[in-house]
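Below is one structure, written out as structure tokens; comments come after it.
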Amino acid sequence: MGWMQRAVWIIEDVLRHHEQELQTIDLQIEAEKKRLEDDLCNIRARAYPRGIRYDVPRVQSSPSPDDRLAKIADDIQRRSDRANRIIKELEARRSVIEYIYDLIFDLDSQARCVLLTLYYPAHTYREAADLLGVDTSTIWRRKQMAIEALARKLPTWIMDAYK
């Protein structure tokens, strides 16, 4: 797939799924924050010494408290880093969607109207044609031209971020 075809595919994908994807991203971020909070609570709970049974007549030794705390601190850092990486990737995806939406407003008025009518909120070609007072084939042609114009403006960081 060539650069232009890939850019057009990215734009069409974002336009078709932006509403659901933004909602999903927000839910995923909240879920990851909740999982992080729960996991950190469980990791911190390991810092407290376990109950000691005194019903057995023997000397019980315990591991070095410094080693245990160091391991717990490492576990906390590792889990936090993982959550931050996941959230950063989700926020990058959100920024791609928002950037493409902003690019739409840099288009000429006909292209902007067609894309906003078709995708914000979603309408069929017939509905968009009726709303804009033009033929369905005109909507299709203007949409294609608008998406190609967006693709030419698409920066490389979006191409790299979109997988």
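We did not get these values from a lab; they are worked out from the coordinates using the rules stated. These numbers were taken from a predicted model, which means no experiment stands behind them. Every residue, glycine as well, gets a Cβ built from its backbone with ideal geometry; the counts of neighbours run over all protein chains shown.
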Arranged from highest to lowest average of other beta-carbon atoms within 10 Å per residue, in what order do the peptides 137-144, 37-44 appear?
137-144, 37-44
Lysines near LYS153 by alpha-carbon distance under 18 Å, same-chain residues fewer than 8 away left out - which ones?
LYS143
Quick check: convex hull over the Cα atoms of the chain, volume per residue in Å³, rounded to an integer?
156
